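Worksheet: the structure to be examined is printed underneath.
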Amino acid sequence: MASEDKRCDDKRVDIKHIKNLVALMVENDLSRIEIAEGDTKILIKRGGKTVVQSVAAPPPAAPVPAPAAAAPSVSAPAAAPGELLIRSPMVGTFYAAPDPESPPYVKVGDAVQPETVVCLVEAMKVFNEIKAEVSGRITRVLVNNAEAVEYDQPLFAVAPA
């Protein structure tokens with residue numbers, strides 16, 4: 001029984017490993033990483049829609065419809081002249097506050113610095129603090145609380161300081 005448990009543990013996806021792969025992709029401007037270790041395969045794509053896929057067993061027998069190649073995407077809000085956008089570094093769920101009882105990290109009119117935490121993006125049960133990475137004043141909040149966000153989706157508009 002212990003060997004079965006070990007095999008099961010080997011097939012679990014290591015979130016830190018995936019985060020490191022995503023950071024490597026961003027750092028090196030890669031659009032795709034595919035890794036196969038035994039029966040486990042990880043495929044991560046950037047650009048357009050981000051897909052993280054982990055397969056520990058053969059695919060299901062039933063055919064899975066492929067996404068349309070030219071599927072229209074939700075139009076991203078454009079930055080007004082002179083505005084900067086704070087974008088989501090990952091796919092996940094946007095949270096404006098650390099918990100439902102707390103006020104939002106930032107609101108329209110608030111000043112931000114590069115290290116200012118502006119929101120959380122939850123991905124795979126991990127809450128990631130998103131920092132402004134720019135200096136200025138929040139002019140627009142572009143996402144609703146608890147809304148799903150895509151990689152590189154604008155979250156906030158900022159008038160630079």
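We did not get these values from a lab; they are worked out from the coordinates using the rules stated. Small disclaimer: the values here were computed from a predicted structure and weren't measured. All Cβ positions, glycine included, derive from the backbone under ideal geometry; neighbour counts span all protein chains shown.
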If the chain between Lys131 and His17 were fully extended at 0.36 nm per residue, the gain over the current Cα-Cα distance would be 38.9 nm
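Set the Förster distance to 22 Å, then compute FRET efficiency between Thr93 and Val26 from the Cβ-Cβ distance, nearest 0.05.
Values: r = 20 Å, r/R0 = 0.91.
So the FRET efficiency works out to roughly 0.65.
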Loop sites in region 77-129: GluC sites (Glu not before Pro), DSSP, at most 12 other Cβ within 10 Å: Glu101, Glu115
